[in-house]
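Derivation of every value follows stated rules applied to the coordinates shown; laboratory data play no part. For clarity, every value in this text was computed on a predicted model and none was experimentally measured.
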Ligand code: SAM
Ligand code: SF4
């Protein structure tokens with residue numbers, strides 16, 4: 001029914017204006033997504049040629065998940081029972097390359113490679129080399145840091161990868177085991193961070209997901225680590241994106257609470273240099289010590305109004321928002337050799353349909369089916 005209505009209105013403008021828009025929005029709230037193409041953007045928007053959404057935001061940042069596989073089973077992300085997709089479902093190197101080019105043709109300037117665990121993607125080095133030759137303003141990657149080799153890190157840097165972010169949620173080995181449910185130790189991840197620096201990556205970042213009564217008591221230890229090793233530590237509020245679906249508001253230690261806990265040890269001053277689209281509000285130590293601290297507050301202080309991101313999963317589903325229930329499949333287009341124009345129009349339509357915000361904490365909020373590992377953080 002929904003698919004039929006889209007096809008008969010495909011070339012009209014009124015999905016995005018007037019009463020149709022309201023009906024469409026109501027349908028989106030009440031029905032699961034069945035269609036595999038986004039409702040068309042307005043003719044005006046299509047002719048602009050850029051990835052704009054219907055709420056006035058411009059998409060310039062692509063988050064590309066290169067695998068759904070992971071060697072960790074972090075409690076807040078990936079349940080041990082989760083099955084990975086069959087390999088043939090995942091995109092190939094040439095398909096990722098085509099997607100990046102198509103997005104860049106429509107205004108994307110920055111790329112983050114993620115997963116799952118991106119270092120498990122067999123053609124990662126080739127992908128970094130291909131993307132590195134595309135004149136992006138920035139290319140970064142997020143990893144759990146289980147293993148980085150010096151030569152490989154140097155090669156990534158030479159190929160154009162500019163920044164590495166490491167996820168690390170605890171500095172205590174017993175907690176590392178219980179949070180990640182892996183054999184990787186804190187020392188191994190800290191060693192990977194050292195290797196990244198030795199390879200020439202500027203001030204590596206650490207992402208810490210802060211959870212009350214799990215690791216919330218370690219935030220001052222992480223601030224101390226930032227000071228000692230000149231690191232950029234980002235404290236992220238726990239979001240309802242785990243496959244165990246056991247998120248509760250009471251587990252969220254807010255960014256404000258985290259900053260207060262750190263400020264009872266060191267005085268912080270706002271960092272003067274954040275970009276408007278930055279999700280992180282950054283602070284430095286008043287005493288001039290090394291290190292920078294960032295606070296990411298998607299739950300307590302949503303920053304959806306400044307969001308400039310589009311996400312594409314490892315099997316080619318476009319997700320305009322982390323919390324989207326709508327997603328559209330690029331893979332059939334890639335595999336039936338659609339033209340670049342068709343592919344780019346599909347991306348324009350998907351961007352146009354980005355939802356205004358995530359609605360966490362509101363009555364209508366529903367956690368998406370996918371976990372963070374299957375979306376790409
Ligand atoms: N495996 C890589 C890693 O862990 O760095 C990359 C993928 S992981 C999904 C990307 C980021 O998402 C990580 O920094 C992770 O901590 C974060 N993340 C995962 N689940 C989350 C959740 N429920 N709330 C907040 N952040 C989450
Ligand atoms: Fe894997 Fe990263 Fe999710 Fe942890 S946060 S389970 S390392 S994808």
Inset, instruction - Return one quarter of the surface area of the convex hull spanned by the alpha-carbon atoms of segment 281-375, equal to its mean projected area, in nm². - result: 8.7
Legend entry - Distance from segment 256-273 to segment 354-377 (C-alpha centre basis), Å: 28
Inset, instruction - Give the shape of segment 197-272 as rounded, prolate or oblate, defined through the alpha-carbon gyration tensor: a ≥ b ≥ c are the square roots of its eigenvalues, a/c under 1.5 means rounded, and otherwise the shape is prolate if a/b is larger than b/c and oblate if not. - result: oblate
Inset, instruction - Please give the helix 93-105 orientation as an angle from the longest Cα principal axis of the chain, in degrees from 0 to 90, rounded to the nearest 10. - result: 80
Legend entry - Helix axis angle, 150-159 relative to the chain longest principal axis, alpha carbon, degrees: 40
Legend entry - Highest-MSF residue in the chain out of 235, 166, 84 [GNM, Cα springs under 10 Å]: 84
Inset, instruction - Would you mind classifying segment 120-192 by shape? Square roots of the alpha carbon gyration tensor eigenvalues, ordered a ≥ b ≥ c; an a/c under 1.5 is rounded, otherwise it is prolate if a/b is larger than b/c and oblate if not. - result: prolate
Legend entry - For segment 229-344, share of DSSP beta bridges that run antiparallel, in % to the nearest 5: 70
Inset, instruction - Normalising by the residue count of segment 165-265, find the relative contact order in percent from Cα pairs under 8 Å and 6+ residues apart. - result: 26
Inset, instruction - Note down the relative contact order for the chain as a percent, whole number, built from C-alpha pairs under 8 angstrom at least six residues apart. - result: 22
Legend entry - Rounded to 5, the percent of DSSP beta bridges in the chain classed as antiparallel: 30
Inset, instruction - Mind pulling up the Rg/Rh value for segment 60-129? Radius of gyration and Kirkwood radius, both on Cα. - result: 1.01
Inset, instruction - Give the angle, between 0 and 90 degrees and rounded to the nearest 10, that separates the Cα long axis of helix 186-199 from the longest principal axis of the Cα atoms of the chain. - result: 80
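Return the calculated 222 nm mean residue ellipticity for the chain, to the nearest 500 deg cm²/dmol, obtained by summing -39500 (n - 2.57) across DSSP H runs with n ≥ 4 and dividing by the residue count.
Value at 222 nm, helices only, nearest 500: -9500 deg cm²/dmol.
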Legend entry - Shape category assigned to the chain from the gyration tensor of Cα positions, a/c cut at 1.5: prolate
